[in-house]
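**Student:** Quick one: this structure, given as structure tokens, is what I'll be asking you about.
The values are calculated or read from the model by the stated rules, or taken from the named source; none is laboratory data. Predicted, not measured: the structure shown is a model, and the values here were computed from it. Cβ atoms come from the backbone with ideal geometry, glycine included; neighbour counts cover every protein chain shown. Each accessible area value is taken on the protein alone, full model and side chains, heavy atoms only, with ligands, DNA and RNA left out. Shrake-Rupley method; radii C 1.70, N 1.55, O 1.52, S 1.80 Å.
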Amino acid sequence: MYKAFAFIILLLFVAACSTTPSVRPPNDNELPKGDQGGAQKVGKPYKIAGKWYYPKEDPTYDEIGQASWYGRQFHGKKTANGEVYNMNSLTAAHKTLPLPSFVKVTNLANGRSIVLRVNDRGPFVDSRILDVSRRGAQLLGFQKQGVTRVRVQASDANGNVVNPTPAKQYAEASKDTEISHYVQIGSFSRKTSADEQARMVLLAGETPKIQETVIDGRTLWRVRIGPLLNRNLAQEILDRLVGRGFYETRIFTEQKR
């Protein structure tokens, strides 16, 4: 009787294992396609740090903002939809897009674009719209900076988007551009002051540069974002900075001499 009972338990165990979906971490450099046993869902509204987020279908999603990346601390752990996070695969976290979904991500500082699979929630920082894997940050060229300005568009796994507006209108201007726009946060006679201002702007989620210039025989250090091709983008950045307390921020439009 005991042998028969043990045999029945064994059969039940095997049956349970055969119906449980296998969960594996995606391979390095892989764009996962949904073979990890994770759930497919839009998700219910949820609250983080006192703020509510409302997941929804958004096939025309197209937004500009800051992207950061997350790595070893979450490596091997489950994502929000039950897949396994591999910091060396091509995945991302978003606050409200369906899980999973695909996005085309363009780094506006250098024009690089890649496709990522959104299978996690985050980042829960107001100025950031996307967290990418470490490999994603490497391919987009901002791993060392930690944060960069990106354009995120809903897409399919091949990077096809519903509204393929050229990303170049959002990008930074090249050296050959005749007219450039700069968002200037401040101008200082001491570089240490400019360094401190740049640090504060970086903490606010933007990516400034310090430019040294000489005006009327005086050396000045200007804290700026740019050059930018698009005046509207410059205005968006200015509005965000003023909203965060940088009240002296101005837009300067300059023509190449």
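**Student:** Could you give the length gained on full extension between residue 138 and residue 248, defined as 0.36 nm per residue of separation minus the Cα-Cα distance, in nm?
**Tutor:** Answer, rounded to one decimal: 36.2 nm.
**Student:** A further question follows. Using modelled amide H (1.01 Å from N, peptide plane; none on Pro or chain starts), what sits under 5 Å from the amide H of residue 109, excluding residues fewer than 5 places away?
**Tutor:** 149
**Student:** Another question about this same structure. Taking each pair of distinct Cα atoms in segment 50-111 once, what is the resulting Kirkwood hydrodynamic radius in Å?
**Tutor:** 13.6 Å is the Kirkwood radius here.
**Student:** Hey, another quick one. Long-range amide H contacts for residue 186: which residues qualify at under 5 Å (H placed 1.01 Å from N, peptide plane, sequence gap of 5 or more or a different chain)?
**Tutor:** Sorted by chain and number, the residues that satisfy this are 223.
**Student:** Please report, in debye to the nearest 20, how large the charge dipole of segment 18-162 is about its Cα centre when each Lys and Arg carries +1 at its beta carbon and each Asp and Glu carries -1 there.
**Tutor:** I would put it at about 400 debye.
**Student:** Which residues among segment 61-99 fall inside the zone where the amide N is under 19 Å from a point 7 Å beyond the Cα of residue 24, along Cα→Cβ?
**Tutor:** What the label zone holds, given the 19 Å backbone N cut-off, is 76-79, 82-91.
**Student:** From the phi of every residue in segment 69-85, what ³J(HN,Hα) in whole Hz does the Karplus formula 6.51 cos²θ - 1.76 cosθ + 1.60 yield, where θ is phi - 60° and glycine or proline is x?
**Tutor:** Result, rounded to whole Hz: 9, 10, x, 4, 4, 10, 4, x, 8, 7, 7, 5, 9, x, 7, 9, 7.
**Student:** Of 239, 216, which has the most accessible area with a 1.4 Å probe, and how do the rest follow in descending order?
**Tutor:** Result of the area sort, largest leading: 216, 239.
**Student:** Convert each backbone phi in segment 205-218 into a coupling constant with the Karplus relation 6.51 cos²θ - 1.76 cosθ + 1.60 (shift: θ = phi - 60°), then list the ³J(HN,Hα) values in order as whole Hz, x for Gly and Pro.
**Tutor:** With the stated coefficients, segment 205-218 comes to x, 9, 10, x, 10, 9, 10, 8, 9, 10, 10, 6, x, 9 Hz.
**Student:** Oh, and also: For a 20 Å ceiling on Cα separation, which of these pairs sit above it: 44/104; 51/78; 44/95; 51/95; 95/209?
**Tutor:** Violating the 20 Å limit, Cα to Cα: 44/104; 51/78; 95/209.
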